[in-house]
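Working notes, beginning with the structure itself.
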Amino acid sequence: MYLPQIHDERTTLCNYLDVQLDAVRASSYGLDDHQARRAPLRSALSISGITKHIVYCMKQSLSGAGHQEHDQPFEAFFASFTPSEDEDIAALLETFDEVRDEYMRMCRDGGLDAELPVGPMPWVGMNEARPATLRYLYVHHVEEFARHAGHADIIREEIDGAQAAELLAAVEGRPANDFVTPWQA
């Protein structure tokens, strides 16, 4: 958990990204694969699908920054919200952790003004990749990851009533206090 402090811009952005990634990961805490695949809302989103999509986003960024082992065709975007039969939650989380480590190293080590290609984003009329700075990418990812962490919060609460603060307290091993009791099944 990151508490407010005075940091430079890059550290602040990286900390915000890390907090959102913690929230996405914690949303699966204690779920079996069947529960993680459930899409209890009107959309097709599930905890597994959100986890897979966040991995896609991190890999796209790493690829754009020159980590060619993460190249993936744009069409992979459309499949990134739905896990295949062989992608159970344990495998998705293992990939999430591996890619997250590499993504956060890039965040903590790179200059914010370095450029990389982002996109395409046809849903906003951008059909080709365009250059952007890492600063833009990280601010965009704070937004993207926070949006999906919120989706995961709602989905998880619908599955079994668990809430984000309770899940994070359980994952981090924090004791109960007057505001939060760590989640238990």
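The values are calculated or read from the model by the stated rules, or taken from the named source; none is laboratory data. Everything quoted here is computed from the prediction, not taken from an experiment. Virtual Cβ from ideal backbone geometry, glycine too; neighbours counted across all protein chains shown. Just so you know, the surface numbers come from the protein's heavy atoms only, side chains and all, with ligands and any DNA or RNA stripped out. Shrake-Rupley method; radii C 1.70, N 1.55, O 1.52, S 1.80 Å.
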Of the residues in the stretch 23-37, those that are charged (D, E, K, R) and buried (at least 20 other Cβ atoms within 10 Å of the Cβ) come to Arg25
Reported set for the stretch 59-116 where residues are at pLDDT below 85, among the aromatic types (Phe, Trp, Tyr) and within 18 Å of the chain's Cα centre (by Cα) is Phe77, Phe78
The helices (runs of 4 or more DSSP H) lying entirely within the stretch 31-149 that contain at least 3 residues which are among the small types (Gly, Ala, Ser) are 47-64
Across the stretch 18-47, the tally of residues that are under 28 Å from Ala129 (Cβ atoms) and among the small types (Gly, Ala, Ser) stands at 2
Sole miss for Ala162 among (1) open to solvent by less than 50 Å² (accessible area, probe 1.4 Å); (2) modelled with pLDDT under 95; (3) part of a loop (DSSP other than H, G, I, E, B) is condition (2)
Flagged in the stretch 124-160 as of a type in the set (Gly, Ala, Ser) and more than 18 Å from the chain's Cα centre (by Cα), in numbering order, are Gly125, Ala129, Ala132
Expected output for the stretch 55-81 (first residue over 15 Å from Arg100 (Cα atoms), partner in a helix (DSSP H, G or I) and open to solvent by less than 50 Å² (accessible area, probe 1.4 Å), Cβ below 6 Å, 6+ apart or cross-chain) is Asp71/Ser63; Ser80/Lys52; Ser80/His53; Ser80/Tyr56; Phe81/Gly49; Phe81/His53
Restricting the stretch 75-100 to residues that are of a type in the set (Ser, Thr, Tyr) and surrounded by 12 or more Cβ atoms within 10 Å (Cβ to Cβ), the one nearest to Ile54 (Cα to Cα) turns out to be Ser80
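Each row is one residue, and each column tells you yes or no for (1) at pLDDT 95 or above; (2) surrounded by 15 or more Cβ atoms within 10 Å (Cβ to Cβ).
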residue	(1), (2)
Val118	no, yes
Trp123	no, no
Met126	no, no
Ala129	no, yes
Ala132	no, yes
Ala149	yes, yes
Glu158	yes, no
